[in-house]
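Structure first, commentary second.
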Amino acid sequence: IKEQLKAVDVVIELMDARAPFSSHNPRVEALIGKKPHLTILTKTDLADARLSEEWLEYYRLQGKAVMFFNLKSFDSKALKQNCQQLLKEKFLKEKVKGLRERPIRALIVGIPNVGKSSLINKLAGRKAANVENRPGVTRNQQFVKVDQDFVLLDTPGVLWPNLEDKRAALNLALIGTIKDTVLPKDFLGQKLIEKLIKDYPGSLKEAYKLDEDLTDEKGSFTILEAIAKSRSFLKEGSALDTERALNTLLKEFADGKLGRFSLERVSDLNG
């Protein structure tokens, strides 16, 4: 990345709005130094809107340039305007020196599966980068011309080599940023159920049309049984298929099919 930084004017860091803290690469600030830096919270259409606004305000209070991105509604002009504002002084100096006007050169960084390719495709208005909902699918460096004033350099995700922060590893596995084989699926299911019951009571009951209210006392296995029963997930002999219920729960949560949820809130940073 250090070599790529020499070729660009601004760094655009993408973080998943459902878990901004966990999806932020802790080495980014040290890597980019004083290079202008725009933060984009992605997948906001999958995140809790109220909590996303809290994160937006949190970063702005820190003096950071920050904005939202989701595939359904995105203002590419706002992104370019943010970058132009960050580079106003630099480009003014170039103009004073008599240098010719040139397009903004931007580098997109972020951990795998955070939306880098989706952003490039949206900006370029075509399928510029390979998009697949699998961690690490953007592999090769690509230069993409958005228009006469804006050029993007895409780079593979820069996920740190080990996930020592257990809470971050859990959150990233739940939102599908890292492979769910990193942690035991039973553990992931248990933690997700606990989180939804605590922060979004009634969400599981509504999503899976369950007959009864859910509480922590019931235990995750009992809840998986209820989901299996509701979806008619049966093994041979009519036994409830709780493994299929677990896999369905994890996938539907990661894909946003259960509703709009966030795993992190600003207040967690003090906890």
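Observations, loosely collected:
- Residue within the stretch 193-206 that is over 21 Å from I1 (Cα atoms), among the hydrophobic types (A, V, I, L, M, F, W, C) and either modelled with pLDDT under 65 or under 19 Å from the mean Cα position of the chain (by Cα) (or both) present: yes
Listed here are the residues, each with its yes/no results for (1) assigned by TED's automatic domain parsing to the domain that holds L192; (2) hydrophobic (A, V, I, L, M, F, W, C); (3) touching a residue at least 40 places away in the same chain (Cβ under 8 Å); (4) within 19 Å of D186 (Cα to Cα).
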residue	(1), (2), (3), (4)
T222	yes, no, no, yes
A226	yes, yes, no, yes
G237	yes, no, no, no
L249	yes, yes, yes, yes
E252	yes, no, yes, yes
G256	yes, no, yes, no
G259	yes, no, yes, no
L269	no, yes, yes, no
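- Matching option when the condition is free of Cβ contacts under 8 Å to residues at least 40 places away in the same chain, under 30 Å from A49 (Cβ atoms) and not in a helix (DSSP H, G or I), among K209, K205, K198, K191: K209
- Screening L86, L61, L92 for residues that are farther than 27 Å from A173 by Cβ and touching a Pro at 6+ places or on another chain (Cβ under 8 Å) leaves exactly one candidate, L86.
- Subset of the stretch 239-258 (residues that are touching a helix residue (DSSP H, G or I) at 6+ places or on another chain (Cβ under 9 Å) and closer than 15 Å to A19 by Cα): F253, A254
- Of everything in the stretch 69-85 that is of a type in the set (G, A, S) and either over 12 Å from D149 (Cβ atoms) or outside the structural domain of E53 (by TED's automatic domain parsing) (or both), the residue that is surrounded by the most Cβ atoms within 10 Å (Cβ to Cβ) is A78.
- Among (1) surrounded by 14 or more Cβ atoms within 10 Å (Cβ to Cβ); (2) in contact (Cβ under 8 Å) with a residue 24 or more places away in the chain; (3) over 15 Å from the mean Cα position of the chain (by Cα), the one test that R27 misses: (1)
- P112 at pLDDT 75 or above, under 14 Å from the mean Cα position of the chain (by Cα), of a type outside the set (D, E) and farther than 26 Å from F91 by Cα: yes
- Some residue of the stretch 123-140 being touching a helix residue (DSSP H, G or I) at 6+ places or on another chain (Cβ under 7 Å), of a type outside the set (G, A, S) and modelled with pLDDT of 75 or more: yes
- In the stretch 74-129, the residues that are part of a loop (DSSP other than H, G, I, E, B), farther than 16 Å from V10 by Cβ and among the hydrophobic types (A, V, I, L, M, F, W, C): F74, L99, I111, V114, A128, A129
Residues checked against (1) modelled with pLDDT of 95 or more; (2) out of contact with any Gly (no Cβ under 8 Å at 6 or more places or on another chain); (3) under 17 Å from L107 (Cα atoms):
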position	(1), (2), (3)
E3	no, yes, yes
E13	no, no, yes
S23	no, no, no
V28	no, yes, yes
G33	no, yes, yes
L41	yes, yes, yes
A47	yes, yes, no
R50	yes, yes, no
W55	yes, yes, no
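The values are calculated or read from the model by the stated rules, or taken from the named source; none is laboratory data. Only a predicted model underlies this, so the values are computations on that prediction, with no experimental measurement involved. Ideal geometry is used to build each Cβ from the backbone, glycine not excepted, and the neighbour counts take in all protein chains shown.
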